[in-house]
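Structure, as structure tokens:
Any read-out appearing in this document is the output of simple, stated calculations on the displayed coordinates, not a laboratory observation. Remember, it's a predicted structure, so these values are computed and weren't measured experimentally. So basically every Cβ, Gly included, is an ideal-geometry build from the backbone, and we count neighbours across all protein chains shown.
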Ligand code: HEM
């Protein structure tokens, strides 16, 4: 097979190749639009959140991947922008995406919401479609895989789904994000170490540790 490239023998396609120049141009355009991909290490680097923002006819679309150095269920969730008080540190009033590998790979990825009837939401998050929530499933695509040491899942969702009961719109500002992984593939309490917090702007990639969390 012939690849059209100016090959001077440096780099995967040769430095200065058409492929390489196109790749660099795409990367520059992506950064200029603030669309990522962005990666944030969390939980002392044992988990990562990577995402891109693309634009669709119904507004911005989140394409996110969460990876954990564990063989277990994994999840991510976010509060309202500017939330303070208990909402800023607890599992209360959170919009979750959770990957359950108990049936193997790919995992069952679900759109969930805190059970606000439990103090601080410290309980398994409910499906958005649960009658107690009364929302809708707004995860439009998902995938994931486990190997001997890691678990990874990806999901796609609008930044603003319109599901006021089940979802929190992603804001163009720092937003409180929580992550966790289990001790096994059975979706149950993560224990008091396998969970963490970060502040993330999913539009710009800006992020910071959550002070006071
Ligand atoms: C079966 C599901 C779950 C149960 C039963 C559960 C239960 C609890 C309980 C009892 C606590 C308080 C004790 C502690 O600090 O460890 C807690 C805290 C926490 N959970 Fe969960 N959890 C679940 C799922 C999740 C998920 C999916 C996430 C993130 C995506 C998460 C993130 C957190 C965080 C960040 C804290 C610390 C909150 C704080 O600093 O006040 N949990 N959880």
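Descriptive notes on the structure:
- Filtered residues of segment 169-188 (kept if part of a loop (DSSP other than H, G, I, E, B), touching a strand residue (DSSP E or B) at 6+ places or on another chain (Cβ under 8 Å) and more than 17 Å from residue 128 (Cα to Cα)): 174, 182, 185
- Options 133, 179: the member that is within 16 Å of the ligand (Cβ to nearest atom) and within 22 Å of residue 51 (Cβ to Cβ): 179
- Matching strands (runs of 3 or more DSSP E) fully within segment 45-125 where at least 3 residues are within 13 Å of the ligand (Cβ to nearest atom) and closer than 25 Å to residue 201 by Cβ: 59-68, 74-78, 95-100, 108-113
- Exclusive hit being outside any strand (DSSP E or B), on the phi > 0 side of the Ramachandran plot and either buried (at least 18 other Cβ atoms within 10 Å of the Cβ) or within 14 Å of the ligand (Cβ to nearest atom) (or both), set 166, 191: 191
- Selection within segment 194-213: residues that are within 12 Å of the ligand (Cβ to nearest atom) and part of a strand (DSSP E or B). The member of this set that is surrounded by the most Cβ atoms within 10 Å (Cβ to Cβ) is 198.
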